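Read through the structure below, which is laid out as structure tokens, and then see the notes.
Nothing in this text is a laboratory measurement; each read-out follows from the coordinates by a stated rule. No experiment lies behind these values; they were computed from the predicted model shown. No Cβ is skipped: glycine too gets one built from the backbone with ideal geometry, and neighbour counts run over all protein chains shown.
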Amino acid sequence: MNHCEPFKGLLVGLLDGELTPDETRQINDHLTRCAACRAEYEQLRETTGKLAAISFQEPDDAVLARVWKSPFSRLARNTSLVLIIGGYASLMGYGLFEFLTSGKDELPAKMGLAAIVLGFLILLVQLIRERVRTYQTDPYKEIER
Ligand SMILES: [Zn+2]
């Protein structure tokens with residue numbers, strides 16, 4: 001296989017990533033057609049211990065990023081947020097109800113608790129408004145303003 005000879009020298013360069021773009025194109029073009037050189041390239045790659053570990057890392061990261069940004073995980077995060085806040089609000093409401101109906105006349109304490117609950121509710125409303133506004137962000141509305 002005389003036509004392979006020029007490419008033999010390029011195989012090592014390809015492994016080390018030292019080829020010019022033109023050389024890389026040529027060797028890749030040859031490797032797609034020549035099983036003998038492909039086998040030699042694979043063997044060379046194994047013996048030099050270059051198992052392209054780095055190139056396997058990137059798809060994993062991409063998959064992870066895609067999962068994290070997927071509508072489902074966003075829904076899950078929002079759901080968990082709603083559950084936590086909802087549960088907290090329920091406890092606060094229950095505590096307030098129990099406290100106010102307990103019959104003990106401790107006005108300062110009641111007022112303090114009422115202030116905390118009121119503050120929490122304002123915060124909650126603000127948070128929900130912020131969320132809703134984020135979802136309704138529309139690039140076309142921005143242009144009209
Ligand atoms: Zn060849």
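Using the number of other C-beta atoms within 10 angstrom as an exposure proxy, rank V132, V82 with the fewest first.
Numbers: V132 9, V82 12.
Ascending Cβ contact count within 10 Å gives the list V132, V82.
Once the chain from H3 to A89 is taken as fully extended at 0.36 nm per residue, the excess over their C-alpha distance is 23.2 nm.
When you work out D = kT/(6 pi eta Rh) for segment 2-51 at 20 °C and 1.002 mPa s, using the Kirkwood radius from C-alpha pairs as Rh and the Stokes-Einstein form, the result is 198 µm²/s.
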